[in-house]
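Report on the structure given below.
Readers should treat all values here as calculations from the given coordinates under stated rules, not as data from a laboratory. The structure displayed is predicted, hence computed values, not measured ones. Cβ coordinates were reconstructed from backbone atoms using ideal geometry, including for glycine residues, and neighbour counts include every protein chain displayed.
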Amino acid sequence: MDSIIIQERLVERLLSPRTQAQRSHPGKLKDHEKQYVGFATLPNQVHRKSVKKGFDFTLMVAGESGLGKSTLVNSLFLTDLYKDRKLLNAEERINQTVEIIKHTVDIEEKGVKLKLTIVDTPGFGDAVNNTECWKPITDYIDQQFEQYFRDESGLNRKNIQDNRVHCCLYFISPFGHGLRPVDVEFMKALHEKVNIVPLIAKADCLIPSEIRKLKERIREEIDKFGIKVYQFPECDSDEDEEFKQQDRELKESAPFAVIGSNTVVEAKGQRVRGRLYPWGIVEVENQAHCDFVKLRNMLIRTHMHDLKDVTCDVHYENYRAQCIQQMTSKLTQDNRIESPIPILPLPTPDTETEKLIKMKDEEVSTICACASWMLELESRESLQGCPIEVVLRLPLLCPPVGSWGGGQG
Ligand code: GDP
């Protein structure tokens with residue numbers, strides 16, 4: 001009976017925020033609540049657990065330097081993620097290879113914590129010869145999958161850190177007539193590994209008709225070269241009309257034309273994030289000026305979870321399937337398992353652990369030696385008639401390990 005009351009109280013707590021009256025009479029349930037079995041609370045339970053655990057998201061930015069990547073990231077998350085950035089001069093950039101730099105920041109909004117990691121790729125596309133300049137980037141993405149695969153197959157799977165890249169914002173120059181060869185090569189090299197969201201950088205350099213034309217051209221080229229950029233999921237048919245309209249607009253706006261700014265300016269008596277020119281102000285968050293708000297909504301408010309799901313269910317799953325396939329084909333070839341993942345050196349145990357391992361090893365050897373001695377005695381029927389205490393104390397009477405030889409009495 002008691003357990004029923006406890007369960008009812010739990011259901012009541014999870015079903016709705018408690019009123020003052022309920023707090024003073026915690027055992028009393030409203031009539032309509034008594035009709036519940038309780039699984040209607042499952043979403044609440046998931047919600048509580050997720051909020052408690054916090055969220056993480058890894059965003060990669062790529063594109064030629066100077067296209068406004070860092071400015072856009074700062075504008076998106078309203079933080080200064082590039083405080084320590086050192087800008088290279090032309091001479092240094094000639095010799096620079098593509099680097100991977102991670103910036104991590106913990107942000108909190110209304111009690112919800114987000115561990116945001118930005119993976120920057122300075123040096124990409126800056127060299128005179130850009131052959132295979134995407135290689136360090138694809139390698140980095142693969143390494144994160146590999147680490148995750150290794151952790152997932154390991155002993156402690158409870159606190160796996162997910163460093164897989166969930167989305168890559170790829171910046172396209174507004175000054176060209178569409179995609180450059182390096183853009184095509186980059187996206188083709190990465191499209192099976194990460195969700196690519198192409199962006200037209202510095203959209204304030206183009207007038208609306210130029211933006212329309214460039215978007216069309218990029219869409220055509222993406223189709224022509226068979227590039228698979230991130231596809232927004234289909235909108236559910238039971239969604240309301242407003243949501244469906246927003247979803248349509250979002251899909252039609254891709255590739256998003258964006259503007260970034262680290263400064264706040266005054267426009268029509270309001271302080272807004274924007275760029276101040278002699279002829280006027282370009283507002284970052286004004287939807288008539290650019291697609292920044294659409295990008296932010298998509299990335300943070302509406303599709304962050306889907307980006308993570310696609311990373312896990314499609315890109316990581318592909319990697320995992322490939323790994324397992326390689327392992328099994330090796331197994332059938334060599335008739336022995338050879339992991340395609342390089343084996344990490346095991347952590348060296350400390351002296352205390354080493355001592356313990358040694359003791360345990362000795363114990364095991366003693367037990368094995370005693371067992372074989374007993375078997376031998378038994379086979380010679382020398383135990384017949386022996387008092388039971390003698391048999392039980394045999395391990396103590398055993399000669400030291402090492403002096404046991406097969407068949408020696
Ligand atoms: P990154 O090297 O790609 O990270 O580029 P930065 O964010 O450092 O920006 C390079 C320069 O472009 C800076 O002077 C920025 O102020 C400027 N910039 C950034 N975003 C925009 C933009 O949307 N429009 C224009 N016109 N300039 C921008």
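Quick one: Karplus J couplings for the range 139-144, per residue in order, coefficients 6.51, -1.76, 1.60, θ = phi - 60°, nearest Hz, x for Gly and Pro?
Calculated HN-Hα couplings, in order: 4, 4, 4, 4, 4, 5 Hz.
Please list 3J(HN,Hα) in residue order for the range 208-214, calculated via the Karplus relation 6.51 cos²θ - 1.76 cosθ + 1.60 where θ = phi - 60°; whole Hz, with x for glycine and proline.
x, 5, 5, 4, 4, 5, 5
Please list, by residue number, every one of the GluC sites (Glu not before Pro) in the range 154-260 that is coil in DSSP and has at most 15 other beta-carbon atoms within 10 Å. Numbers along the way, then the final one.
Values: sites: 185, 192, 210, 216, 220, 221, 234, 239, 241, 242, 249, 252; in loops: 192, 234, 239.
In loop regions of the range 154-260 (DSSP not H, G, I, E or B), the sparsely surrounded GluC sites (Glu not before Pro) are 192, 234, 239.
Modelled label-to-label distance, residue 325 and residue 52, 7 Å Cα→beta-carbon offset: nm?
About 4.1 nm, to one decimal.
Pull up the cross-link candidates among the lysines for residue 110, meaning alpha carbon to alpha carbon under 20 Å and not fewer than 8 places away within one chain.
Partners within reach: 49, 52, 53.
Pairs to check: 135/188; 135/330; 244/268. Give those whose C-alpha atoms are more than 22 Å from each other in this structure.
On the way: 135/188 12 Å; 135/330 26 Å; 244/268 32 Å.
Where the Cα-Cα span goes over 22 Å, the pairs concerned are 135/330; 244/268.
Say R0 is 25 Å: what FRET efficiency, to the nearest 0.05, do residue 332 and residue 365 get from their beta-carbon distance? If you can, show how the numbers build up before the last one.
Details: r = 37 Å, r/R0 = 1.47.
The formula returns an efficiency of 0.10 here.
Taking the Cα-to-Cβ direction at residue 42 and at residue 240 and moving 7 Å from each Cα, how far apart do the two end points lie in nm?
2.6 nm
Return the loop-located GluC sites (Glu not before Pro) in the range 262-340 (DSSP other than H, G, I, E, B) with at most 15 other Cβ atoms within 10 Å of their own Cβ; answer none if there are none.
On the way: sites: 266, 283, 285, 317, 338; in loops: 285, 338.
Answer in residue order: 285, 338.
Counting other Cβ atoms within 10 Å, keep those with at most 15, restrict to DSSP loop, and tell me which chymotrypsin sites (Phe, Trp or Tyr not before Pro) in the range 142-204 are left.
Working: sites: 145, 148, 149, 170, 171, 175, 186; in loops: 175.
Listed in order of number, the matching sites are 175.
Which cross-chain or sequence-distant (5 or more) residues have an amide H under 5 Å from the amide H of residue 267, H modelled 1.01 Å from N in plane?
Placed amide hydrogens put 272 under 5 Å from residue 267.
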